[in-house]
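Some notes on the structure that comes next.
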Amino acid sequence: MDLYTDNYRLFYATLTFIQIEWRFSNVFDFLGGKHVLRKEIVKIIDHTNLQPTATKEEIEQLCREAKEEGFYAVCVHPCYVKTARFFLKESGVKICTVVGFPLGANDWETKAAEAELAIENGAEEIDFVINLGFVKSGFWEQVEEEIKQITVRAKNKGKMLNKNIIVKVIVETCYLEEEEKIKLCNLVKQSGADYIKTSTGFGTAGAEVKDIELFKQIGGGSLKIKAAGGIRTLAKLQEMVKAGADRIGTSSAMAIIQEITA
């Protein structure tokens, strides 16, 4: 009887696993049967324009597209946060901005002040760039302090305004050795930040599957991952999500949507 029960449980567990795997495959089968509804994709996209020449009109268009398509957020320069707030009022689309962007070479106090001002202006999510020079110098205590201080200051400013601020730490993986990636991921995990973000999109390379997988392994379920940089197609987005990315930052969101609906 015990053997029968054990075999039955094993069979049921195996069957359940197969069903889960089948559902997973269908959910992410973007290029095949297109079983994923468009809404499942748009809700993980930060519709982005961080070009140095971005105009107010282009940001307005970005916001219109985000509202029409239902993207999770727009990601814009700090100078356009107020513009985004005006055009996205009561739309449900979040406003994300960048801090210390794209080089990260400011003092942490400057970055913290920049984040606080952006939050006052309407930002709900802050993506800040770490000091890569300090990482390469081995100044790990300063790097740890920077990540913690900016995260705490941003979240405290949000609390003062009754806002839940999401903080993402951009580590610019293209410049990092494996050991540095591991160390940074652990520091971000311990800091209270919500996400580790792969790239600015202005480095020598963008998001890569191996880095997403590494961060997923280290972060477990307590640290989310934003993949950004070089994600211009549906296939690339698929790779990032399968690897473990929770959010996608891309300036090619409309092209990706067109692939789905084509």
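Taking N as the number of residues in the chain, what is its Cα Rg relative to 2.2 N^0.38 Å? Before the final figure, lay out the partial values.
Working: Rg = 19.9 Å, N = 262, 2.2 N^0.38 = 18.3 Å.
My calculation over the Cα atoms of the chain gives 1.09.
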For the range 58-136, give the magnitude of the charge dipole about the Cα centre (Cβ charges: +1 Lys/Arg, -1 Asp/Glu; no others), in debye to the nearest 20. 40 debye
Report, in degrees rounded to the nearest 10, the 0 to 90 angle that the Cα long axis of helix 178-191 makes with the longest principal axis of the chain. 80 degrees
Degrees, to the nearest 10: 234-243 long Cα axis against longest axis of the chain: 80 degrees
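Only Lys, Arg, Asp and Glu count, each charged at its Cβ (+1, +1, -1, -1), so figure out the dipole size of the chain about its Cα centre, rounded to 20 debye. Before the final figure, lay out each step's value.
Values: 34 positive and 37 negative charges, 137 e Å.
It works out to roughly 660 debye.
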With a 31 Å threshold on alpha-carbon distance, the violating pairs from 39/111; 39/183; 157/197 are 39/111; 39/183
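Could you work out the helix-only [θ] at 222 nm for the chain, with each DSSP H run of four or more residues adding -39,500 (n - 2.57) and the total divided by the number of residues, to the nearest 500 deg cm²/dmol? Walk me through the numbers on the way to the answer.
Numbers: 11 runs with 137 residues, N = 262.
Helix-only estimate at 222 nm: -16500 deg cm²/dmol.
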With labels modelled as points extended 7 Å from the Cα through the Cβ direction, what inter-label distance (nm, one decimal) is found for residue 67 paired with residue 179? 5.2 nm
Going by amide H atoms built from the backbone, whose H comes under 5 Å of the H on residue 228, apart from near neighbours? 198, 199, 207, 249
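Taking the Cβ of residue 157 as the center, what net charge do the other residues with Cβ under 9 Å away carry, scoring Lys and Arg +1 and Asp and Glu -1?
Working: positive: 153, 155, 159, 163; negative: 116, 120.
Residues near residue 157 contribute +2 overall.
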Output wanted: per-residue J couplings in Hz (rounded whole) for the range 163-171, from phi through Karplus 6.51 cos²θ - 1.76 cosθ + 1.60, θ = phi - 60°, x for Gly and Pro. 10, 8, 8, 8, 10, 10, 9, 8, 9
Need one number: nm distance between label points at residue 217 and residue 156, each 7 Å from Cα along Cα→Cβ, rounded to one decimal. 3.7 nm
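Every number in this text was worked out from the coordinates using simple rules, so none of it is lab data. Keep in mind that what you see is a predicted model, and the values were worked out from it rather than measured. In this analysis, Cβ positions are derived from the backbone assuming ideal geometry, glycine residues included, and neighbour counts consider all displayed protein chains.
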